[in-house]
2 protein chains.
Amino acid sequence: MKTRKDTKTGILDAAEVLFASRGPNATSLRQIIGKAKVNLAAIHYHFGSKESLLEAVLARRLVPLNAERLALLEDYELTAGKGAVPLPKVLEALVGPALRLSRDPGKGGERFMRLLGRCVLEPDEKIQGLINTQFHYVLERFRPALLKALPNLPPEEFFWRIHFLVGAMAHTMADSERLRDISGGLCNPDDTEGMVQRLVSFLNAGLKAKS
Amino acid sequence: MKTRKDTKTGILDAAEVLFASRGPNATSLRQIIGKAKVNLAAIHYHFGSKESLLEAVLARRLVPLNAERLALLEDYELTAGKGAVPLPKVLEALVGPALRLSRDPGKGGERFMRLLGRCVLEPDEKIQGLINTQFHYVLERFRPALLKALPNLPPEEFFWRIHFLVGAMAHTMADSERLRDISGGLCNPDDTEGMVQRLVSFLNAGLKAKS
DNA sequence: AAACGTTTCAAACAAACGTTTGATTATGAA
DNA sequence: TTCATAATCAAACGTTTGTTTGAAACGTTT
């Protein structure tokens, strides 16, 4: 029983790193066992299949992450009383915890944030399914707050802007490292708080745009 | 000599469709030849390799597309004289031609737009290389116009916002079909002009946000 | 028609993939 | 110790992947 958790979380950790950097479909089980230094059959023994492994990798961080998002939102709503929570606060609750993951190397760090962004943008239907279930649940909870903070915004326009928001957020999570190249080293993706603040103010202005 | 172009463009067309819907790496050559109804060896005879095939698929549409973007921008700059081109116009020149591709089914249509968005977000380094070369070239040309339209915006902030812009644009190009589901059928991704207009006004407001 | 280069085709290639097997070793309870 | 369960391991499974081969069919030119 002593080595079970070691092997299991060892696989999860290695899979998280590799899934995040090359994408789940481009990562082979043999690369994972090479990094985790376990036997190939251990993956199927502990997780059943590659798909279930990805599911486990996602669930390990995503469930607490979404709980944190909802808790933050409820906190802001309590403070706001019967009034609307200001849009920047709502956005902060939505994108902040996700982006801030990279600040906490112990809890998955940058690796998982990249993986999450990558999965959101992944064409593969199985991965889509895993993500959409979680995302719909969060969006359903955030939608009333967003609509409240954005009065006079037609529902159709609202969904379009959520779509743009998801794109900007996912791309930022998945591949901000690219920004270092594009900017010629001027931008530093490691400055997470700066990143959150910049993204929130960008989204805040975009969502409030006059249509 | 008569059938050469038929086979060659037949492969390009089939590859474009399949690459766009499942992603290049998730598409096998055998799926392509099945759709194009040609022999497997024809791909290597005409293109040399799978990677070169993707390169050819991209180049066929991307070169004229980027030319159109630059032509539009120069047109606006001519009209503006020595003054700055208004930001919405600059954005229109940047994202309009790409999104509008879906209006022209003869010239590749929605299929290529999806592929392009997908390639921008693709982790694979070889694909990144193909995209970055083209994108850098365009961005270098658009940067002065964007900076001119956005005075008082610090260079660091500028690059961050370009990054958000790319994310929103690529996600919109790659997978607006998803919006139909999320919105419960309320939003119609086939309304390309509406899509362009909404994205431009969203990006316009986001780029102008007070930092 | 004969000879030419170009294009198609069925068949096979080695490599890599996710998954399964059956034997072997470690662990905790009786 | 003895036994049963849990975990690890090397080896092989059948597919699928991108790529290569050599011969057949085609179109053009002489």
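Put a dot 7 Å past each Cα toward the Cβ at B:Glu193 and A:Lys35; how far apart are the dots in nm?
4.9 nm
For the range A:26-96, what does the alpha-carbon gyration tensor say about shape, rounded, prolate or oblate, given a ≥ b ≥ c as the root eigenvalues, a/c under 1.5 as rounded, and a/b over b/c as prolate?
Prolate, because a/c is 1.5 or more and a/b exceeds b/c.
Going down the table (A:Lys37/A:Lys126; A:Lys148/B:Lys210; B:Lys8/B:Lys89; B:Lys82/B:Lys210; B:Lys126/B:Lys208; B:Lys35/B:Lys89), which pairs top 32 Å between alpha carbons?
Beyond 32 Å between Cα atoms: B:Lys8/B:Lys89; B:Lys126/B:Lys208; B:Lys35/B:Lys89.
Filter the trypsin sites (Lys or Arg not before Pro) in the range B:1-62 to those in DSSP coil with at most 13 other Cβ atoms within 10 Å of their Cβ, and list the result. All intermediate terms of the calculation are to be shown ahead of the outcome.
Numbers: sites: B:Lys2, B:Arg4, B:Lys5, B:Lys8, B:Arg22, B:Arg30, B:Lys35, B:Lys37, B:Lys50, B:Arg60, B:Arg61; in loops: B:Lys37.
Within the range B:1-62, the qualifying trypsin sites (Lys or Arg not before Pro) (loop, at most 13 other Cβ atoms within 10 Å) are B:Lys37.
Using protein chains only and a probe of 1.4 angstrom, how many square angstrom of B:Leu70 are accessible, to the nearest 10?
20 Å²
Return the average number of partner chain Cβ atoms within 10 angstrom of each residue Cβ along peptide B:175-187.
4
Along Cα-to-Cβ, 7 Å out, sits the label point; list in nm, shortest first, how far the one on B:Arg141 is from those in the other copies.
4.7
Run through the range A:110-149 and list the GluC sites (Glu not before Pro) located in a DSSP loop whose Cβ has at most 14 other Cβ atoms within 10 Å.
Details: sites: A:Glu110, A:Glu125, A:Glu140; in loops: none.
Counting only loop positions with at most 14 other Cβ atoms within 10 Å, none of the GluC sites (Glu not before Pro) in the range A:110-149 qualifies.
For the protein assembly as shown, rounded, prolate or oblate, judged on the Cα gyration tensor with a ≥ b ≥ c (square roots of eigenvalues), a/c < 1.5 rounded, else prolate if a/b > b/c?
Since a/c reaches 1.5 but b/c is at least a/b, the shape of the protein assembly as shown is classed as oblate.
Mind checking the angle between helix A:155-175 and chain A's longest principal axis? C-alpha axes, 0 to 90 degrees, to the nearest 10.
Long axis of A:155-175 versus the principal axis of chain A: about 40 degrees.
Compare B:Val196, B:Val57, B:Val138 in a GNM of chain B, Cα atoms joined below 10 Å, and give the one with the largest fluctuation.
In the Gaussian network model the winner is B:Val138.
Could you tell me how many degrees, from 0 to 90 and to the nearest 10, lie between the Cα long axis of helix B:50-80 and the main elongation axis, the longest principal axis, of the Cα atoms of chain B?
Tilt of helix B:50-80: around 30 degrees.
Counting only Cβ atoms, what residue of chain A lies nearest to the axis that sends chain A onto chain B, and how many whole Å off?
A:Gly206, 2
Within the set of other residues whose C-beta is less than 12 Å from the C-beta of A:Leu40, count the net charge using Lys and Arg as +1 and Asp and Glu as -1.
Summing Lys and Arg as +1 and Asp and Glu as -1 gives +3.
Accessible area, 1.4 Å probe, largest first: how do B:Ser211, B:Ser28 sort?
B:Ser211, B:Ser28
Determine how large the accessible area of A:Asp75 is when every protein chain is in place; take a 1.4 Å probe and give Å² rounded to the nearest 10.
Counting only protein heavy atoms, the figure is 90 Å².
Can you list the distances in nanometres, one decimal and ascending, from the A:Ser49 label point to the identical position in each other copy, with the point 7 Å along Cα to Cβ?
For A:Ser49, the inter-copy label distances come out at 3.3 nm.
As a test of understanding, state the convex hull volume per residue of the range B:61-207 from its alpha carbons, in Å³.
116 Å³
The values are calculated or read from the model by the stated rules, or taken from the named source; none is laboratory data. Bear in mind the structure is a predicted one, so any value in this text is a computation, not a measurement. All Cβ positions, even for glycine, are placed from backbone atoms using ideal geometry, and neighbour counts span all protein chains on display. Remember, those area values only see protein heavy atoms, side chains included, never the ligands or the DNA or RNA. Shrake-Rupley method; radii C 1.70, N 1.55, O 1.52, S 1.80 Å.
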